[in-house]
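Read the figures in this text as sums done on the coordinates, not as results from a lab. All values derive from a computational prediction rather than experimental measurement. All Cβ positions, even for glycine, are placed from backbone atoms using ideal geometry, and neighbour counts span all protein chains on display.
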Amino acid sequence: MMLQTHLCELLEIDYPIVQAPIGSATCPELAAAVSNAGGLGHLAVTWRDREETRRVVQKTRELTDQPFAVNLVCDDATTTVDTDEHLEVVLEAGVDIVTLSFGEAAPYIDRVHEAGVLVSQTVGSAAEARKAVAAGVDVIVTQGFEAGGHVQSGVSTMALVPRVADAVGDAVPIVAAGGIADGRGIAAALTLGADGAWLGTRFVATEEARVHETYLRRLRESNETDTEYTCLFDKGWPGMPHRVLRNETLERWESAGRTPPGDRPGEDDIVARTDDGDGEPIERYAEALATPDVKGDIDDMALFAGQSVGLTDDIQPAESLLEELVVETRDAFEGLGRDD
């Protein structure tokens, strides 16, 4: 059974499966492994400086000759490099697709196209999707409320995808994100009108992802009721909602009456440090991701995860995961009597 969609044809990939830009957990090894296996690998570079951005793009290109994407967040409240300048670096480094989220794609579309590169925008409503298509984006990503990490929609994936599909029609491919972690979810997204699926939490739980072992353990042990949609971990990105695993930091805050920033319990606590404990401090309520080099109380940090975390039971190589997802998706369609 073939799994070719409009997205596969446009991006020149074998399968309609996208590894989400999972912040600092992304790395050349993960992105290249996904792309080499036939999906679309992804680098997140918003929190990397220009030099590091060039390095990771170049390294990824050395590891794969297949298409891969680079994501930029357009919200100035969190960017470490001006988006215009950062985009220039990304395009000069040589990428296949630029994905933009948490902001408007319109100011950057012409520059991306002039470089011969495709551009996508993440949306949270049908209205946003229509606006993005009118601005000239090549791909629409619909992020549902179930998603882990930072969330820009209050609508569930099940309701959002068909609404966007009806709004966009055949103008551009649609990629569904939020709550998808296996082939059943991918098949459901395609049935709802998407041309591909965007998986974040499931790819965090891979051998290549830059994730602390404590974070990985929590992902394996958690279920679908163990996440919280909140704005609690706001140091670094004020006011941006996100979904995380429940932990002691969150529970202490709830017990204190959900007090506002500045009055939260342990507001100035340093819970961890980077560079194996010798680097920058990470305060309680920071949005910093728990990478392998972080030392401290990892359980007290923001452990980003979507509601699909209950389907994440093991840690495996990204290539094996991609292959497993393809088989599961085919099986799901065959179980419905479809042969696409």
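Below is a table of values for the structure above.
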item	result
GNM top mover of Asp226, Asp269, Asp96 - the chain, alpha-carbon springs below 10 Å	Asp269
Convex hull volume of segment 213-308 per residue (C-alpha atoms, cubic angstrom)	88
Radius of gyration and Dmax over the Cα atoms of segment 113-258, both given in Å	16.8, 53
Protection proxy ranking, peptides 147-155, 175-183, 62-70, average beta carbon neighbours within 10 Å, highest first	175-183, 147-155, 62-70
Overall Cα dimensions of segment 253-340, principal axis frame, Å, largest first	57, 34, 18
Relative pair counts by distance (%), Cα atoms of segment 22-96, 5 Å bins	3, 18, 32, 24, 14, 7, 2, 0
The chain, dipole about Cα centre (Lys/Arg Cβ +1, Asp/Glu Cβ -1), debye to the nearest 20	620
Beta bridges by DSSP in the chain, antiparallel share as percent, to the nearest 5	30
For segment 65-155: span of alpha carbons on each principal axis (Å, largest first)	36, 28, 27
Residue order, fewest to most surrounding Cβ atoms within 10 angstrom, among Ile298, Ile17	Ile298, Ile17
Radius 14 Å from Cβ of Gly277, net charge of other residues (Lys, Arg +1; Asp, Glu -1)	-4
Neighbourhood net charge (11 Å Cβ-Cβ; Lys/Arg +1, Asp/Glu -1) for Glu228	-1
Structure-based [θ]222 nm, the chain - -39500 (n - 2.57) summed over DSSP H runs of at least 4, per residue, nearest 500	-10500 deg cm²/dmol
Angle in degrees between helix 83-93 and the longest Cα principal axis of the chain, rounded to the nearest 10	60
The chain, relative contact order in percent, only Cα pairs under 8 angstrom and at least six apart counted	17
Eligible lysines near Lys295 by straight Cα distance, threshold 29 Å, same-chain separation 8 or greater	Lys59, Lys235
Cβ-based net charge around Glu254, under 13 Å, with every Lys or Arg adding one and every Asp or Glu removing one	+1
Thr274/Glu114 FRET efficiency (R0 45 Å; Cβ-Cβ; nearest 0.05)	0.75
Between segment 100-179 and segment 27-54, the Cα center-to-center distance that results, in Å	20
Cα-derived Rg over Rh, computed across the chain with Rh taken as Kirkwood radius	0.95
Relative contact order of segment 251-309, pairs being alpha-carbon contacts under 8 Å that are 6 or more residues apart, as %	26
